[in-house]
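Okay, structure first, notes after.
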Amino acid sequence: LDEGLASYSAVLYYQETEQEEAGEELLEFYRSNYQAAVDQGKDAPTNLPVAAYSPENYSRIVYSKGALFFDALRQEVGEEAFWRILQAYYQRFLYGTATGEGFLALAEEVSGQELDALYQAWVLGVVQK
């Protein structure tokens, strides 16, 4: 999830600095980049070892699909809860190691929502488009 969050952070930066168009263009790039993997039948979980991806597919899945997971999470839980999740994630895992399952548990705790289906689809599975 770390690379996906780093990628999505660029979108957040553009949005927070009133560069909405640049943020939307970057999000559209992530969508089209990920869609290329889907179209080629190469969708994959985002949490595999690096060697499990081809060089081309690594970017499409880890960076683009990973960023889209965070966008889907934001849409699912809403703005306020999304920002609280990010703050709690930072505080809880500062100087530590975060796992995907740890992030999921934290996001559910902070948002008060069941997010397993979202996590299963975007992180562990293949998104049906």
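Remarks
- Per-residue ³J(HN,Hα) for the stretch 107-113, Karplus 6.51 cos²θ - 1.76 cosθ + 1.60, θ = phi - 60°, Hz, x for Gly and Pro: 4, 5, 4, 6, 7, x, 10
- Here the Karplus curve 6.51 cos²θ - 1.76 cosθ + 1.60, taken at θ = phi - 60°, turns the phi angles of the stretch 42-48 into couplings of 10, 5, 7, x, 8, 10, 7 Hz, with x standing for Gly and Pro.
- Computed helical MRE - 222 nm, the chain, DSSP H runs ≥ 4 contributing -39500 (n - 2.57), nearest 500: -19500 deg cm²/dmol
- Of G41, G78, G23, the one that fluctuates the most in a GNM where the chain has Cα springs shorter than 10 Å: G41
- The magnitude of the dipole of the stretch 2-124, with charges of +1 and -1 set on the Cβ of Lys/Arg and Asp/Glu and taken from the Cα centre, is near 480 debye.
- Relative contact order (percent, whole number), the chain, Cα cutoff 8 Å, 6+ residue spacing: 32
Every read-out reported here was derived from the displayed coordinates using simple, explicitly stated rules and does not represent laboratory data. In this text the structure is predicted, and so the values were computed from the model without any measurement. Note that each Cβ is placed from the backbone with ideal geometry, even for glycine, and that neighbours are counted across all protein chains shown.
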